[in-house]
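The values are calculated or read from the model by the stated rules, or taken from the named source; none is laboratory data. Computed from a predicted structure; not experimentally measured. So basically every Cβ, Gly included, is an ideal-geometry build from the backbone, and we count neighbours across all protein chains shown. Protein only, heavy atoms only, side chains kept; ligands, DNA and RNA dropped before computing areas. Shrake-Rupley method; radii C 1.70, N 1.55, O 1.52, S 1.80 Å.
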Amino acid sequence: MQEALVYSQISATRVHQVLSILAGLTGTQPVPLCEQTLLFAQNKPTTAAPTGAARTKAQQLQREQQQQAARPHHHKLSRDLHSAPSNVSAVDGKAHLAAAAAAASPWIFRAEQVPEPGTKEWLSRAVTEHVATAEELTRFRSVHEDPSDGEAKPSPPAYSYKTQYIVRGHRVVHANVVISIFQILVETLQTAGTDGAAQKEDPLDRPPPSPASLPSSETSASQTSSDSASWRLLDASGAHIVEATVRVADPSNARLTGVAVEELAAFKAEMAGAVDFYMPDRFALDTRVKA
């Protein structure tokens with residue numbers, strides 16, 4: 001799959017205005033967006049071919065997988081938090097944590113390539129995205145259970161966990177252009193530390209954060225309550241990122257790709273003056289793991 005995208009940034013005071021403009025343009029109301037993303041770094045390129053249900057997806061995305069195998073990259077696991085149970089903490093016991101994990105949305109595997117050179121009006125990059133299989137999730141875990149004796153043992157070092165963040169905001173769809181207006185929330189230093197039993201858990205096994213427990217859009221790091229102290233806004237000013245993107249399932253189809261970027265360019269021109277989109281430095285979105 002190929003993505004073409006542009007970005008902008010607006011202050012917190014303009015969010016409702018821009019959402020109203022988009023609602024009038026698209027004739028639809030924005031939908032809430034709240035996603036948790038875990039970031040992992042490949043310790044070495046993955047060369048093994050997927051099996052089972054993932055085989056057909058691998059055939060469709062063969063080109064992207066070959067590119068990914070050339071050098072270790074950062075990969076992501078994301079899930080929707082709107083179905084996350086509330087009031088679940090690490091002290092509730094393994095049964096409660098397992099129930100919370102089962103009720104949460106499935107993990108979505110996402111791998112992004114470095115944006116391609118040669119374009120000046122938008123970024124273009126290859127993307128692999130699908131619901132993560134149980135076999136894939138095993139590769140992201142720091143330990144696994146041996147079926148023969150039921151003991152937890154170190155798993156092959158396929159990935160190293162780096163960090164996690166939450167994207168919260170709204171999403172609107174205009175024809176084939178997906179517009180996301182969001183803030184990024186990161187863990188506080190206390191939560192992201194290495195002390196405590198909760199930090200020894202595998203990141204995939206921790207209870208999903210509840211959207212209701214997150215700090216408000218206007219809350220600064222010094223104003224967080226005890227319930228929302230685990231997370232803080234990355235940008236303390238409360239500014240929002242605006243991302244507009246179109247996707248093409250078959251990047252080899254030149255006609256379809258041309259139509260997609262034309263739609264993105266038309267949307268960008270239509271929003272000029274209200275939201276001025278730009279193309280950032282493509283190396284700011286470099287997904288390769290530094291040696």
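Backbone geometry of the stretch 161-174 corresponds, through the Karplus equation with coefficients 6.51, -1.76 and 1.60 at θ = phi - 60°, to 3J(HN,Hα) couplings of 5, 10, 6, 9, 8, 10, 9, 10, x, 9, 9, 9, 10, 10 Hz, x marking Gly and Pro. Near GLN9, the amide H atoms lying under 5 Å from its own belong to VAL242; only residues 5 or more places off or on other chains count, and H is placed 1.01 Å from N. Couplings 3J(HN,Hα) for the stretch 263-277, derived from phi with the Karplus relation 6.51 cos²θ - 1.76 cosθ + 1.60 (θ = phi - 60°), are 4, 5, 5, 5, 5, 4, 5, 5, 8, 4, x, 8, 9, 8, 7 Hz, where x marks Gly and Pro. Counting Lys and Arg as +1 and Asp and Glu as -1 over every other residue whose Cβ lies under 9 Å from the Cβ of SER180, the net charge comes to 0. Between the alpha-carbon centres of the stretch 107-130 and the stretch 277-291 there is a gap of 10 Å. Packing, as the average of other Cβ atoms within 10 Å across residues, places the peptides 130-136, 76-82, 245-251 in the order 76-82, 245-251, 130-136, highest first.
Protection proxy ranking of 234-241, 107-114, by the mean of other Cβ atoms within 10 Å over each peptide's residues and highest first, is 107-114, 234-241. Note that the stretch 25-35 has calculated 3J(HN,Hα) couplings of 6, 8, x, 9, 8, x, 9, x, 10, 8, 10 Hz, one per residue in order, obtained from phi through the Karplus relation 6.51 cos²θ - 1.76 cosθ + 1.60 (θ = phi - 60°); glycine and proline are x. Of the residues LYS120, LYS268, the one with the largest accessible area comes first in the ranking LYS120, LYS268, computed with a 1.4 Å probe on protein heavy atoms. Summary of packing: across the peptides 209-216, 278-285, 20-27, the per-residue average of other C-beta atoms within 10 Å ranks them, highest first, as 209-216, 20-27, 278-285.
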